Amino acid sequence: MALLCLSLLAQPLPAAAQAQPQTPAAAAQLAAPAVGPPLRILLNDVAPYTLHGEVSRPGMHHEIMLALAREAALPVALGSAVYVRLAMGLKDGSADLVVGVEGPELEELAQRVTPFHVFKFVVLTKKASDIRSVAQLKGKLLGVARGAFYDDAINKDDAIRKFGVADPFQGVRMLALDRLDAVISSDYLLSYALKQSGVDLNQFNSPFTVNEKSYVLYARRELGAETVRRLQRAMESLQKSGQIERILRSYQ
């Protein structure tokens, strides 16, 4: 799990404090004076939420979090991990905040700080398939992200057979090879995966929507109330200025 420490100063970091070379946002760091140890934040390590190898384009959630940290004048250390690791980061104390899909596990485990953005869970099938709704997934093999909560109609229905995939890129490839009957993911992830997969897009139906959810910034329950309020006020300011919407559009 790569960590990115932001000094949040308007000046470049000294060499000893520079982030690891593989960190997505290694050179995209500016913000506020350090006021204690940085907040340790875990983000979903999947494109386009996290991108590797291009300093000026670290990923949608990295850019939002960097903007939020600057606006709130808080030092942060950004890390990325597979989705199932996000909740574990709060449980084992290795993370102060995570950006995850709203759902029962995170709601019970942590305190909700602020929504990041709305998205839709969608299901992708092949044109040869007769699957056009969640009800028609019964008895079918559905590619799902490990640890993700989609909807009671999916997560709690044992008649829908589920296969854990590392990311939607793997899911799309397996679907193209008829190793899965369908794949579920967020509209942002699935759209990006389809563009990058190199498979023939004409073999797929248009995805159908399961529901609408939000990615939310969650904090460990012990995080101070003042820090939470600063993050909430900062997000409200970024939303009002249109900066969040601009970041989202740049990754579509």
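The values are calculated or read from the model by the stated rules, or taken from the named source; none is laboratory data. Quick caveat, the model's predicted, so the values are computed rather than measured. Methodologically, a virtual Cβ is constructed for each residue, glycine included, from the backbone with ideal geometry; neighbour enumeration extends over all protein chains shown. For accessibility, only protein heavy atoms count, side chains too; no ligands or nucleic acids. Shrake-Rupley method; radii C 1.70, N 1.55, O 1.52, S 1.80 Å.
Per residue, what volume in Å³ does the Cα convex hull of the stretch 69-179 take up?
132 Å³
Rounding to the nearest 20 debye, state how big the charge dipole of the stretch 136-235 is about its Cα centre with +1 on each Lys and Arg Cβ and -1 on each Asp and Glu Cβ.
About 340 debye.
Could you check how much of the accessible area of the chain is carbon and sulfur, as a whole percent, using a 1.4 Å probe?
51 percent
Compare the peptides 64-71, 152-159 by average per-residue count of other Cβ atoms within 10 angstrom and give them in order, highest first.
64-71, 152-159
Give me the percent relative contact order of the stretch 96-252, please, defined on Cα pairs under 8 angstrom at least 6 residues apart.
This gives 41 percent for the stretch 96-252.
Could you provide, to the nearest whole Å², the per residue accessible area of the chain with probe 1.4 Å?
That works out to 46 Å² per residue.
Once every DSSP H run of n ≥ 4 in the chain is given -39500 (n - 2.57) and the sum is divided by its residues, what mean residue ellipticity at 222 nm do you get, rounded to the nearest 500 deg cm²/dmol?
Result for the chain, helices only: -8500 deg cm²/dmol.
Report which label in (1) 44, 18, 14; (2) 52, 26, 14; (3) 34, 19, 15 holds the value of semi-axes √(5λ) of the Cα gyration tensor in Å derived from the coordinates of this structure.
Matching the structure shown: (3).
So what is the relative contact order for the stretch 118-170, in percent, with contacts set as C-alpha pairs under 8 Å and at least six apart?
About 36 percent, as a whole number.
Assigning unit charges at the beta carbon (Lys, Arg +1; Asp, Glu -1) and nothing else, what dipole magnitude in debye, to the nearest 20, does the chain show about its Cα centre?
I would put it at about 220 debye.
Dipole of the stretch 148-252 (Lys/Arg Cβ +1, Asp/Glu Cβ -1, origin at the Cα centre): which of VAL165, TYR188, SER237 lies farthest to the positive side?
About the Cα centre, the residue reaching furthest to the positive side is SER237.
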